[in-house]
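The values are calculated or read from the model by the stated rules, or taken from the named source; none is laboratory data. If you're wondering where the values come from, they're calculated on a predicted model, not measured in any experiment. Using ideal geometry, Cβ is built from the backbone for each residue, glycine included, and neighbour counts are taken over all protein chains shown. The accessibility values were calculated without ligands, DNA or RNA, using every heavy atom of the protein model including side chains. Shrake-Rupley method; radii C 1.70, N 1.55, O 1.52, S 1.80 Å.
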Amino acid sequence: MTHSETHSELVETDAGTARITWHPAKQARAVLAVSHGAGGGIEARDLRAIAAALPAHGVTVALVEQPWRVAGKKVAPAPKTLDTGWRGVWPALAKPGLPVIAGGRSAGARVACRTAAELGAAAVLALSFPLHPPGKPEKSRADELLGAGVPTLVVQGGNDPFGRPAEFPRSTACELVEIPFGDHSFAVPKRAGIGQEEVVKRITDAVVAWTGAPGMLST
């Protein structure tokens, strides 16, 4: 499918107006809906790369902008308000009648996990899941992650101050892919010996493999 067929739609939610930017697959077998974090938008390099790569593999990507971003605000609202915005866009995401994978980066990943069971998500993609605030490992959000209740892929930077891969709970439902040396934005230092393009490719390769795994979207 050509890039020109990418299109956006505004969706009214109880938290305000959200925006979905669709990157359609020609013969889609699923929709991957991903939202941004609390400090950025859908221009994040990992979100853009996933939107560019997945449609060729039969997965339509929907990049979701929360109402606070659409309204031009700089600070994200409370988690409860983020959940409200996400719930409000779900009917539009489910409209194609395909399995919907709920996803997001950072705060968006938390939203996807918290609402997955309630909304009937087929799976969850958690990019840079903030397992705890930096320097406060005792304030764990592992219960949010494990509470998703569906197959979950976590893609985490090896040096993410919000939770390094070794800190994550082990679960049969939760698969974890480590991006060596990556920080919370998957940026890597020059000494890492791995370029930023390679980092992005590792992220997209992991998501492509996971969404294409046998039986992954059979439910």
(request) Compute the length gained on full extension between R29 and E12: take 0.36 nm times their separation in residues and subtract their Cα-Cα distance, giving the result in nm to one decimal. (result) 3.5 nm
(request) Mind telling me which of Q66, Q156, Q196 comes out most flexible in a GNM of the chain, alpha-carbon contacts under 10 Å? (result) Q196
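Report D for region 7-212 in µm² per second (integer): Stokes-Einstein, Kirkwood Rh on Cα pairs, 25 °C, 0.890 mPa s.
Values: Rh = 16.7 Å.
Answer, rounded: 147 µm²/s.
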(request) Given the options S140, S35, S106, state which has the largest fluctuation in a GNM of the chain using a 10 Å cut-off (strictly under) for Cα springs. (result) S140
(message) I'd like the Karplus ³J(HN,Hα) series for region 5-16: coefficients 6.51, -1.76, 1.60, θ = phi - 60°, whole numbers in Hz, and an x wherever there's a Gly or Pro.
(response) 8, 5, 8, 10, 9, 8, 10, 7, 10, 5, 9, x
(request) Report the net charge of residues surrounding G149, where surrounding means a beta-carbon distance below 13 angstrom and charges are Lys +1, Arg +1, Asp -1, Glu -1. (result) -2
(request) Counting helices only, and only those DSSP H runs with n ≥ 4, report the 222 nm mean residue ellipticity of the chain as the sum of -39,500 (n - 2.57) divided by its residues, in deg cm²/dmol to the nearest 500. (result) -8500 deg cm²/dmol
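Using a 1.4 Å probe and counting only protein heavy atoms, arrange E12, E65, E197, E167 so the residue with the most accessible area comes first.
Values: E12 130, E65 25, E197 165, E167 80 Å².
Greatest to least solvent exposure: E197, E12, E167, E65.
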(request) Kindly write out, for region 92-105 in residue order, the coupling ³J(HN,Hα) from the Karplus curve 6.51 cos²θ - 1.76 cosθ + 1.60 (θ = phi - 60°), rounded to whole Hz, with x marking Gly and Pro. (result) 5, 5, 7, 4, x, x, 9, x, 10, 8, 8, x, x, 10
(message) Give me, ordered by chain and number, the residues 5 or more places off V154 or on other chains with an amide H under 5 Å from its own placed amide H.
(response) A126, E175, L176, V177
(request) List, in order, the whole-Hz ³J(HN,Hα) value for each residue of region 147-160 obtained from phi through the Karplus relation with A = 6.51, B = -1.76, C = 1.60 and θ = phi - 60°; use x for Gly and Pro. (result) x, 4, x, 9, x, 10, 10, 9, 10, 10, x, x, 10, 6
